[in-house]
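Engineer: Supplied in structure tokens, the structure appears directly below.
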Amino acid sequence: MNLTDPVADFLARIRNAIKARHQKLDVPASRLKLEIARILKEEGYITNFKAVEEGGHKVVRLYLKYGPNDEAAISSLMRVSRPGCRVYVGRNEIPRVLGGLGINILTTPKGVMTGRRARKEGVGGEVLCEIW
């Protein structure tokens, strides 16, 4: 299967797993997806993640997080920059997500990080997605 946008596929799989109330989810691994998973864990949107190998294929296993009343920690994921329309921002133009309630994930020259951290470090980059 040829994927033109692996990150959008990754986000769609998370969205679908949450709708179906799954506890865990496997997605084909890549370095970028591992970085996104690391940020989701740091920001408290998932309980954990790990890279595992199944049948010769590397996968990222995400453990989804739900609140006490079974509400998902992630209410929405949105792809911002797409292969057909890349979205780059300078360090002074990094948008706030829901007035600071959500996060955006950027790829910067200093690696993959949240918009908040990129603002702090004074770097811009490509806005991959927004999560809240």
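The values are calculated or read from the model by the stated rules, or taken from the named source; none is laboratory data. Being a predicted model, the structure only gives us computed values, none of them experimental. Positions of Cβ are generated from backbone atoms using ideal geometry, with glycine treated the same way; all protein chains shown enter the neighbour counts.
Engineer: Can you give me the number of residues within the range 119-132 that are under 18 Å from residue 45 (Cβ atoms), among the aliphatic types (A, V, I, L, M) and free of Cβ contacts under 8 Å to residues at least 60 places away in the same chain?
Structural biologist: So the first thing to find is which residues in the range 119-132 are under 18 Å from residue 45 (Cβ atoms), and the list is 127-132.
Keeping just the survivors that are among the aliphatic types (A, V, I, L, M) gives 127-128, 131.
Narrowing the set further to residues that are free of Cβ contacts under 8 Å to residues at least 60 places away in the same chain leaves 127.
Residues that pass the stated criteria total 1.
Engineer: Identify, by number, the condition in (1) closer than 19 Å to residue 32 by Cβ; (2) over 14 Å from the mean Cα position of the chain (by Cα); (3) surrounded by 14 or more Cβ atoms within 10 Å (Cβ to Cβ) that residue 72 doesn't meet.
Structural biologist: (1) is the only condition that residue 72 fails.
Engineer: Can you tell which of 130, 54, 126 is surrounded by fewer than 17 Cβ atoms within 10 Å (Cβ to Cβ) and out of contact with any Phe, Trp or Tyr (no Cβ under 6 Å at 6 or more places or on another chain)?
Structural biologist: None of the other options fit; the residue is 54.
Engineer: Quickly run through the range 98-115 and pick out the residues that are in a helix (DSSP H, G or I) and modelled with pLDDT under 95.
Structural biologist: 98, 99, 100 - these are the residues of the range 98-115 that are in a helix (DSSP H, G or I) and modelled with pLDDT under 95.
Engineer: Give just the number: which of (1) aliphatic (A, V, I, L, M); (2) more than 21 Å from residue 30 (Cβ to Cβ); (3) in contact with a His (Cβ under 7 Å, 6 or more places away or on another chain) does residue 94 not satisfy?
Structural biologist: (3)
Engineer: So which of 12, 37, 29 ends up being over 14 Å from residue 129 (Cβ atoms) and either at pLDDT 95 or above or in contact with a strand residue (DSSP E or B) (Cβ under 8 Å, 6 or more places away or on another chain) (or both)?
Structural biologist: 29
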